[in-house]
1. Could you check how many residues of the range 77-101 are hydrophobic (A, V, I, L, M, F, W, C) and not in a helix (DSSP H, G or I)?
2. Residue 79 versus (1) touching a helix residue (DSSP H, G or I) at 6+ places or on another chain (Cβ under 7 Å); (2) open to solvent by 40 Å² or more (accessible area, probe 1.4 Å); (3) of a type outside the set (S, T, N, Q): which is the lone unmet condition?
3. Would it be correct to say that residue 163 is within 26 Å of residue 20 (Cβ to Cβ), among the small types (Gly, Ala, Ser) and at pLDDT below 95?
4. Among the residues of the range 1-26, write down those that are closer than 15 Å to residue 110 by Cβ, open to solvent by 10 Å² or more (accessible area, probe 1.4 Å) and among the polar types (S, T, N, Q).
5. Which residues, counting only those in the range 27-76, are open to solvent by 70 Å² or more (accessible area, probe 1.4 Å), not aromatic (Phe, Trp, Tyr) and not in a helix (DSSP H, G or I)?
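The values are calculated or read from the model by the stated rules, or taken from the named source; none is laboratory data. This structure is a prediction, so every number in the text was calculated from the model and none was measured. Quick reminder, even Gly has a Cβ in these numbers, built from the backbone with ideal geometry, and neighbours come from all protein chains shown. The area values use the complete protein model at the heavy-atom level, side chains included, leaving out ligands, DNA and RNA. Shrake-Rupley method; radii C 1.70, N 1.55, O 1.52, S 1.80 Å.
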Amino acid sequence: MGQFTTALITCGSILAVILATDSGNRRITAVRTAAPTLVAVLAVAVCVDSFPTAGNDMSLHLAGIGVGAICGLVASSLLGAHSDRAGDIRSTGGPGHAAVWILLCAGQILFAYGCEHWFGARMTRFTTDYQLSGSDVLISSLALMSLSMVTARTAVLQSRLRAVRAATAPVAEAAPDDDTDAEADRAHRRQRGTS
């Protein structure tokens, strides 16, 4: 499968699930946070034939993972979280959140298309000069980038879930210290006796 087809399938499916699960005011559930990650894993498993490790391939994979994590954090920073009247924790994804995800996915798809149709010779020279395994490493790096974007989004949602739970949890009363209670009782009795 070529770069463009792989990017189209992975990014298209991830984008569809992200927009379906994050747009609007939605309750944060385990299924909602896990679904995009599962879709990303399945898309990568179906579309990527190999993960080359020769030469500088691992460096490009790590760069893809790093860039994907940063992009996922940036996109998810626009996803707010709050507790509703019923006590459910919800997130709100507006047009800005959707626009960032669309831009990131469209950028990956456009890059993959360009690698095949516009600047294929330059990409071949680039992979040769930097001791990369050709288009296979580009395909797997883009797939890992997509996967890390979604994983970062899941981490942000889980973090926001915990933060809202902690902020809205009832504060437990501290157990009174026996010495303090006894001293307070004595002071209260003395005060009543002198009045």
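1. Here the count works out to 5.
2. Going through (1) touching a helix residue (DSSP H, G or I) at 6+ places or on another chain (Cβ under 7 Å); (2) open to solvent by 40 Å² or more (accessible area, probe 1.4 Å); (3) of a type outside the set (S, T, N, Q) one by one, residue 79 breaks only (2).
3. Yes: the conditions hold for residue 163.
4. 3, 5
5. 27, 49, 53
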